[in-house]
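Enquirer: Quick one: the structure is below, and I'll ask about it shortly.
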Amino acid sequence: MRQRLDGAAGTQSRLLVRNLAQLATPSDAEAPLRGANLADVRVLHDAYVLCREGEVEQFGRMAELEPIAGDVDELDARGLCAVPGLVDCHTHPAFGGDRVEEFSLRAGGASYEELHAAGGGILSTVRATRSLDADGLRARVERHAGWMLANGTTTWEGKSGYGLDRDTELASLRAIRDAGGVPTWLGAHSVPPEFDDGDAYLGFALAEVLPGAAQVAAAADVFLERGAFDAAQARRYLEACRDAGLALRLHGDQFTESGAIPLGLELGARSVDHLEATGSEGARALAESDVVGVLLPASALFLDRPMPPARALVDAGAAIALATDFNPGSSFTTSLPLVCSLACTQLHLSPAEALSAVTVNAAHVLGCSHDRGRIAPGLRADLVLIDAPDWRYLAYHLAGDIVAAVIRGGLVAYRR
Ligand code: NIG
Ligand code: FE
């Protein structure tokens with residue numbers, strides 16, 4: 001059976017994607033890629049990918065494709081390029097309401113931190129999220145997951161953190177898991193209004209929420225920042241989460257250097273994310289470690305903040321990943337192609353470095369680079385087909401509006 005991009009969804013357990021203008025995949029060096037390996041992207045012209053039972057069986061040049069015995073769906077990808085399914089390792093998709101009013105106020109000069117201190121910002125989304133029941137929250141997360149898929153994201157992490165009470169946090173984590181995401185408990189996002197201070201809130205969260213959160217979440221995250229949680233509180237939270245079996249992540253150095261990098265290194269965190277305020281000493285320490293620096297240029301742009309020191313990090317040998325930070329307040333986008341574009345124009349990374357950062361290195365942050373993040377035999381058959389003659393349009397197209405189709409687990413999951 002032949003399957004065109006505008007044809008029916010596949011029915012066979014094998015899918016041949018043929019006539020690709022180009023196929024691009026990060027190098028097979030051990031993850032996370034760092035230094036020169038980050039830019040080591042293999043490009044094949046006039047290529048095919050053969051998928052079988054959800055995995056890549058083989059790929060290569062069309063000229064070398066042998067006849068295939070048995071039933072196979074075929075997808076003619078003439079004029080398209082394939083890259084690995086994109087991996088968004090930092091999103092906040094479990095929220096109610098929006099922050100369009102705040103966005104307008106910020107456009108008029110109000111700052112994000114001022115709005116937060118006045119009880120708006122994150123806490124206004126906490127109010128809107130608490131007003132949803134579990135089904136309402138589920139519907140929101142599913143909607144956001146659909147946006148991600150349409151932008152080429154085949155694997156995504158999603159954080160709780162807009163409930164900050166037991167039921168809403170656990171409902172958020174379950175909604176993320178059930179929508180196909182990798183859940184992270186962001187129990188220490190902000191101090192909710194019913195508590196006097198961060199210590200009192202953490203006492204509650206660690207006693208009442210952590211046991212349930214640890215059943216669902218893969219990782220824990222903390223917002224270590226002026227006006228949120230300080231280093232001592234972050235340590236208390238992360239140590240308890242580590243003891244409950246969770247991997248550790250930190251929101252750090254977004255506005256101020258408040259000790260996130262030393263703490264993340266000491267505790268063996270998977271990543272420290274944001275880094276817009278990181279100075280040269282912090283960058284050097286991170287570069288010498290196994291902790292991944294997750295850069296969120298869409299968030300810096302959306303808040304009109306300085307960009308993180310990406311070039312210095314990569315040149316010093318750091319392992320970096322890129323993510324959207326999708327959330328209603330500081331980064332209202334689910335587009336990793338947009339993030340790749342910002343990585344090139346604002347962070348001075350190359351398209352190849354950006355590709356590795358949104359695929360294999362992002363998968364490493366989520367603990368799944370063994371089975372995804374590259375196009376290789378035996379890995380999951382997750383591909384993005386981009387409507388372009390050169391794979392670097394992934395970053396070249398400023399709006400990222402180039403996703404023609406997405407193959408997830410060997411099946412066409414989205415087509416434009
Ligand atoms: O990663 N910085 C903290 N948390 C989110 C923003 C959350 C919000 O503004 O609602 C972030 O940018
Ligand atoms: Fe975030």
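Enquirer: Once fully extended, how much extra length lies between Ala117 and Glu64, figured as 0.36 nm per residue of separation less the alpha-carbon to alpha-carbon distance? All intermediate terms of the calculation are to be shown ahead of the outcome.
Expert: On the way: separation 53, 0.36 × 53 = 19.08 nm, distance 6.19 nm.
Length gained between Ala117 and Glu64: 12.9 nm.
Enquirer: About the Cα centre of the stretch 30-172, what is the dipole size in debye to 20, counting +1 per Lys and Arg Cβ and -1 per Asp and Glu Cβ, all else neutral? Before the final figure, lay out the partial values.
Expert: Working: 14 positive and 25 negative charges, 132 e Å.
Dipole magnitude for the stretch 30-172 comes out near 640 debye.
Enquirer: Farthest toward the dipole's positive end in the chain, which of Phe255, Leu385, Ala323, given Cβ charges of +1 (Lys, Arg) and -1 (Asp, Glu) about the Cα centre?
Expert: Farthest towards the positive pole: Leu385.
Enquirer: OK, next. From Cα pairs below 8 angstrom and at least 6 apart in sequence, can you work out the relative contact order of the stretch 109-224, rounded to a whole percent? Don't skip to the end; give the middle numbers.
Expert: Numbers: 149 pairs, mean separation 28.3, N = 116.
Relative CO of the stretch 109-224 lands at 24 percent.
Enquirer: Where only protein heavy atoms count, and the probe is 1.4 Å, what is the accessible area per residue for the stretch 218-314 in Å²?
Expert: For the stretch 218-314, the per-residue accessible area is 35 Å².
Enquirer: Could you state the accessible area per residue of the stretch 1-125 in Å², with a 1.4 Å probe and every protein chain left in place?
Expert: Details: 5680 Å² over 125 residues.
Per residue, the stretch 1-125 has 45 Å² of solvent-accessible surface.
Enquirer: For the stretch 175-208, state which chymotrypsin sites (Phe, Trp or Tyr not before Pro) are in a DSSP loop and have at most 15 other beta carbons lying within 10 Å of their beta carbon.
Expert: Values: sites: Trp185, Phe195, Tyr201, Phe204; in loops: Phe195.
Passing both the DSSP loop test and the Cβ count: Phe195.
Enquirer: Hey, another quick one. What does the charge count near Asp382 come to, summing +1 for each Lys or Arg and -1 for each Asp or Glu among other residues with Cβ under 11 Å from its Cβ?
Expert: Details: positive: Arg372, Arg374, Arg380, Arg408; negative: Glu55, Asp371.
Summing Lys and Arg as +1 and Asp and Glu as -1 gives +2.
Enquirer: Would you mind computing, in nm to one decimal, how far apart the modelled labels at Asp197 and Ser13 are, each placed 7 Å from Cα along Cα→Cβ?
Expert: Here the modelled spin labels are 6.1 nm apart.
Enquirer: Another question, then. Roughly speaking, to the nearest percent, how much of the stretch 189-284's 1.4 Å accessible area is carbon and sulfur?
Expert: 46 percent
Enquirer: Let me ask you something else. If r is the Cβ-Cβ distance from His370 to Val43 and R0 is 25 Å, what FRET efficiency results, to the nearest 0.05?
Expert: Values: r = 24 Å, r/R0 = 0.94.
In this case the efficiency is close to 0.60.
Enquirer: Could you pull out the GluC sites (Glu not before Pro) across the stretch 50-105 that fall in loop regions by DSSP (anything but H, G, I, E, B) with no more than 16 other Cβ atoms inside 10 Å? It would help to have the intermediate numbers written out before the result.
Expert: Working: sites: Glu53, Glu55, Glu57, Glu64, Glu74, Glu101, Glu102; in loops: Glu53.
Those satisfying the criteria are Glu53.
Enquirer: Something else: Read phi for every residue in the stretch 107-115 and hand back ³J(HN,Hα) as whole Hz from Karplus 6.51 cos²θ - 1.76 cosθ + 1.60, θ = phi - 60°, with x for Gly and Pro.
Expert: 4, x, x, 5, 9, 4, 5, 5, 4
Enquirer: Here's a follow-up. Using a Förster distance of 35 angstrom, determine the FRET efficiency expected from the C-beta separation of Leu398 and Thr256, and round it to 0.05. Can you show the working numbers first?
Expert: Numbers: r = 31 Å, r/R0 = 0.88.
The pair Leu398/Thr256 has a calculated efficiency of 0.70.
Enquirer: Around Gly97, with a cut-off of 12 angstrom between Cβ atoms, what is the net charge of the other residues, counting Lys and Arg +1 and Asp and Glu -1? All intermediate terms of the calculation are to be shown ahead of the outcome.
Expert: Values: positive: Arg99, Arg127, Arg130, Arg140; negative: Asp98, Glu101, Glu102.
Net of charged neighbours comes to +1.
Enquirer: Next question, about the same structure. Over the stretch 61-184, what percent of the accessible surface lies on carbon and sulfur atoms, probe 1.4 Å?
Expert: 49 percent
Enquirer: Once phi is turned into θ = phi - 60°, what whole-Hz ³J(HN,Hα) does the Karplus curve with 6.51, -1.76 and 1.60 give for every residue of the stretch 159-173, x standing for Gly and Pro?
Expert: Here the 3J(HN,Hα) series is 9, 7, x, 10, x, 6, 10, 4, 5, 6, 5, 5, 5, 5, 4 Hz.
Enquirer: Using only alpha carbon pairs under 8 Å that are at least six residues apart, calculate the relative contact order of the chain and give it in whole percent. Write down the numbers at each step before the final one.
Expert: Working: 1041 pairs, mean separation 89.2, N = 416.
Across the chain, relative contact order equals 21 percent.
Enquirer: With +1 assigned to the C-beta of every Lys and Arg and -1 to the C-beta of every Asp and Glu, and no other charges, what is the dipole magnitude of the chain about the Cα centre in debye, to the nearest 20?
Expert: Details: 36 positive and 55 negative charges, 182 e Å.
In total the dipole reaches around 880 debye.
Enquirer: Taking all protein chains in place and a 1.4 Å probe, what share, in percent, of the accessible surface of the stretch 357-416 do carbon and sulfur account for?
Expert: Numbers: 1110 of 2190 Å².
So the carbon and sulfur contribution to the accessible surface is 51 percent.
Enquirer: A follow-up question, please. Hey, can you grab everything whose amide H is under 5 Å from the amide H of Leu16? Only 5+ residues off in sequence or another chain; H modelled, so Pro and N-termini drop out.
Expert: Cys51, Asp73, Glu74, Leu75
Enquirer: While we're on this one: Using only helices, what value at 222 nm comes out for the chain when you add -39,500 (n - 2.57) per DSSP H run of length 4 or more and divide by the total residues, to the nearest 500 deg cm²/dmol? Please report the intermediate quantities before stating the final value.
Expert: Working: 16 runs with 136 residues, N = 416.
Dividing the helical sum by the residues of the chain leaves -9000 deg cm²/dmol.
Enquirer: DSSP beta bridges in the chain, what fraction antiparallel, as a percent rounded to 5? List each step's numbers first, then the result.
Expert: Working: 31 of 65 bridges.
Approximately 50 percent, going by the DSSP bridge assignments.
Enquirer: Okay, moving on. Could I have the simple spin-label model distance between Ala36 and Asp135, label points 7 Å from Cα toward Cβ, reported in nm to one decimal?
Expert: Between Ala36 and Asp135, the simple spin-label model gives 5.9 nm.
Enquirer: Moving on. Just flag the GluC sites (Glu not before Pro) in the stretch 166-229 sitting in loop per DSSP whose Cβ has no more than 16 other Cβ atoms within 10 Å.
Expert: Numbers: sites: Glu169, Glu194, Glu208, Glu225; in loops: Glu194, Glu225.
For GluC sites (Glu not before Pro) across the stretch 166-229 that sit outside H, G, I, E and B with at most 16 neighbouring Cβ atoms in 10 Å, the list reads Glu194.
Enquirer: What FRET efficiency comes out for Asp76 versus Asp304 if R0 is 56 angstrom and r is the Cβ-Cβ distance? Round to the nearest 0.05.
Expert: The pair Asp76/Asp304 has a calculated efficiency of 0.80.
Enquirer: Looking at Gly70, His92, Leu80, which one has the Cα that reaches farthest to the positive end of the dipole of the stretch 36-108 (charges on Cβ: Lys, Arg +1; Asp, Glu -1)?
Expert: Positive-most Cα among the choices belongs to His92.
Enquirer: Right, something else. What net charge is computed for the residues neighbouring Asp165, neighbours being all others with C-beta under 13 Å from the C-beta of Asp165, Lys and Arg scored +1, Asp and Glu -1?
Expert: Working: positive: Arg127, Arg130, Arg166; negative: Asp167, Glu169, Glu194, Glu208.
Combined, the nearby Lys, Arg, Asp and Glu give -1.
Enquirer: Ok, one more. Among Val43, Leu105, Phe229, flag the residue with its Cα farthest along the positive direction of the charge dipole of the chain, charges on Cβ as +1 for Lys/Arg and -1 for Asp/Glu.
Expert: Of the options given, the answer is Val43.
The values are calculated or read from the model by the stated rules, or taken from the named source; none is laboratory data. Computed from a predicted model, the values in this text were never measured in an experiment. With ideal geometry, Cβ positions are generated from the backbone for all residues, glycine too; neighbour counts draw on all protein chains shown. These accessible areas exclude ligands, DNA and RNA; they are computed on the full protein's heavy atoms, side chains included. Shrake-Rupley method; radii C 1.70, N 1.55, O 1.52, S 1.80 Å.
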